[in-house]
1. Using the alpha carbon gyration tensor of the range 535-678, what are the three equivalent-ellipsoid semi-axes (square root of 5 times each eigenvalue), largest first, in whole Å?
2. What full-extension length gain, to one decimal in nm, is calculated for Lys522 and Leu667 as 0.36 nm per residue of separation minus the Cα-Cα distance?
3. What is the Cα centroid distance between the range 555-614 and the range 161-177, reported in whole angstrom?
4. Send over the per residue convex hull volume for the range 194-281, Cα only, as a whole number of Å³.
5. Please report the net charge: other residues with Cβ closer than 12 Å to the Cβ of Gly560, K and R +1, D and E -1.
6. Compute the normalised compactness of the range 475-560: alpha-carbon radius of gyration over 2.2 N^0.38 Å, N being the residue count.
7. Please order Glu95, Glu29, Glu81 by the number of other Cβ within 10 Å, starting at the fewest.
8. Counting only Cα atoms, I'd like the Rg/Rh figure for the range 343-487, Kirkwood definition for Rh.
Amino acid sequence: MKKEFSYCIKAMDCINEENDIRSLVKDFEGIYGLDFQLSKRILVIQMDEAREVEFKRLIASKGYITQPVIEKKGFTRFTEEIKLGISLILAFAAELLSLMTNFGPSQKYVVGAIALIAIFLSGFGVYKKGFLALFKLKLNINALMTIAVTGAFVIGEWPEAAMVSALFSIAEWIESKAVDRARGSIRKLLSILPDESEVKIDGSWKKMRTADVEVSSEIRVRPGERIPLDGQITEGSSEIDQSPVTGESRAVERKVGDSIFAGSINLSGMLVFENTTVATNNTVSRIIELVENTQSKKAPIERFVDQFSKRYTPIVFFVSLAIVFVGPYLMGWTFEASIYKALVLLVIACPCALVISTPITIVSALTTSAKIGVLMKGGHAIERLHRLKAIALDKTGTITYGAPSLAENILVAKGNDQKTSNDLALGLSKLSDHPVSKAIAKGLESSNAGEVKDFTAIAGQGVSGSFEGKKIYLGNKKLGESLGVMTEEIAREISGLEGRGRSVSLLIEEKKVIAIFGVTDKIKEGSSEAIKMLQDMGIHVSMLSGDNAKTANLIGRQAGISDVRGELLPKDKLVLIQELQRKFGPTGMTGDGINDAPALAQADLGFAMGKMGTDSAKETADVVIIGDDLRKIPETILLAHRTHSILWQNIVFAIGVKAVFLMLTFLGLASMWMAVFADVGATLIVVFNGMRLLRSDQVGPLEMSDNCTKECC
């Protein structure tokens with residue numbers, strides 16, 4: 001059974017330990033989500049209850065011992081921030097005392113004692129992790145700092161050792177706070193959900209905890225209140241502000257039968273709705289879970305930085321060793337000077353800023369995209385968005401609303417009456433999820449549906465079943481052609497309907513067409529604008545549709561698309577995606593139905609409509625547009641371009657700072673504390689540069705506070 005566990009892990013306080021734990025459990029079955037609160041050394045994990053002991057044993061084998069999380073009870077102990085502050089003050093004091101003139105042996109030991117206290121306050125955790133890494137022959141950041149601090153203390157550079165220890169620990173604290181803030185930003189969405197709901201119980205309205213509301217309860221929401229759960233309206237109509245969930249800038253009209261999202265704001269009318277989810281499985285909760293789970297799917301640039309740092313750190317260590325033993329002979333340095341320069345090299349070469357530069361930027365981008373109503377399934381989606389050269393759009397449910405209406409119902413078979421025809425069509429159409437079938441079912445809802453047996457979906461063509469021992473079909477022109485029932489009269493009727501922009505469905509019994517249905521759909525508000533934005537960005541736009549060519553071309557012209565392909569089966573869409581990939585390069589596909597799943601899988605990047613989309617489309621896609629607003633695609637591509645730019649700014653800056661201080665080290669112009677100060681400064685700059693994405697104007701008006709009250713004991 002799935003359960004949430006919270007652990008305090010004292011050996012975990014920065015992104016390096018987080019990555020280590022993630023790599024440890026990446027193949028561990030039964031984990032549904034990981035939430036790292038690094039500044040508090042807390043890991044919150046959703047996993048199968050039966051696997052808890054095995055999980056704790058696995059991470060303990062690498063030195064990550066789990067402890068229970070307790071509630072914070074005032075200032076009963078020094079907090080991490082206070083300890084680091086005192087450590088930095090003591091390190092500065094030791095540095096100032098060492099610069100004083102008339103410095104005798106007794107003062108030297110005072111400086112040493114002050115430096116030792118500073119190191120103990122700030123660097124004990126780093127020391128523990130560093131020695132554990134060295135014991136395992138693993139040369140990571142903590143190992144480098146442990147060697148540098150120990151070496152400086154051994155050669156008598158006590159103030160330098162204290163300053164390095166204090167500044168490095170502060171840098172790690174800043175990293176953990178930044179990562180917590182970026183990841184916590186998306187979790188703060190939970191704070192917008194009401195704690196209580198007004199539920200109808202035994203005929204009267206009562207307040208109860210939202211967490212206790214069962215599925216299919218009747219819930220009332222007054223004007224000005226937030227909607228507590230996902231559901232479907234049963235009474236009333238109102239304008240709904242969905243911006244907290246979908247990022248839509250304008251309120252939308254919702255009436256009986258329409259779906260509503262938890263966290264949205266009811267603006268005008270009284271609403272009664274039936275909830276379709278419980279509190280732990282609403283749209284907001286699923287957004288949070290998806291964003292957290294996708295952080296392990298790294299972008300290529302992020303994997304590059306990880307691999308670079310793994311090779312870079314051991315190289316730096318062996319270069320430092322070479323300076324110690326070769327420097328006195330080649331450069332004429334004293335042995336002590338060679339050791340000092342090697343230690344400075346270890347400090348400045350520490351890849352903190354480089355390592356933190358990518359995950360903080362990626363997490364900020366994933367969080368920002370979720371806030372504007374777009375879910376990206378990992379950092380790899382950001383990289384592919386940046387490279388996109390072409391995009392194919394499905395028609396129904398993507399460019400159009402996907403909620404067509406029945407416009408024409410033509411009885412063509414002699415010897416059949418309208419009522420029988422309508423009953424047969426309703427019996428088939430109400431069993432199908434296709435938008436055209438839904439439109440027919442809604443248009444014929446006053447009829448009495450025939451009891452259809454052996455219902456089957458025919459991919460790209462329609463549906464079939466049996467009624468009173470006879471085989472019946474409801475589908476498009478291709479289905480009629482495959483069954484050999486097309487006549488000149490039927491072809492003329494179809495041509496006339498298609499000329500009026502109708503999507504055509506044929507009701508077929510055995511070997512004859514009984515009736516022809518013409519369905520019409522409207523282009524979504526914003527579709528034309530989105531397509532123009534994509535074209536202005538230099539992205540080729542195509543429209544792929546299973547609908548007839550005349551209707552597809554009509555919709556394409558209205559939307560501003562010249563490359564329109566109609567009458568496509570699922571395999572045809574896949575082939576056309578391959579064609580676009582060969583012609584233009586990286587290609588995206590946007591769809592909402594099961595027929596789009598093969599093309600979504602083939603595309604370099606798949607977009608699914610979150611509201612209209614089927615589960616198969618959303619599962620296959622890399623990006624899910626929650627509110628089905630096509631304008632979110634160019635907005636997300638722009639976000640990907642900004643993210644890519646910031647990633648490279650951070651990488652170039654971090655490496656540039658290292659290069660400058662390496663030269664200063666060999667020229668004898670850099671000290672250890674100057675080197676670590678520069679490293680802390682570089683870390684701060686890349687962190688704040690990456691977190692600029694969280695302050696994007698697209699995020700919306702939400703202002704949420706962190707009310708977390710837990711920390712490690």
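1. 47, 15, 14
2. Working: separation 145, 0.36 × 145 = 52.20 nm, distance 7.10 nm.
Roughly 45.1 nm would be gained on extension.
3. If you average the Cα positions of each part, the centres end up 50 Å apart.
4. Working: hull volume 7.2 nm³, N = 88.
It is 82 Å³ per residue.
5. Summing Lys and Arg as +1 and Asp and Glu as -1 gives -1.
6. Rounded to two decimals, the normalised Rg is 1.34.
7. Numbers: Glu95 19, Glu29 9, Glu81 12.
Neighbour counts put them in this order, fewest first: Glu29, Glu81, Glu95.
8. 1.33
Only the coordinates and a few stated rules stand behind these numbers; no lab work does. Model, not experiment: these values are computed from the prediction. Cβ: placed from backbone, ideal geometry, glycine included. Neighbour counts: every protein chain shown.
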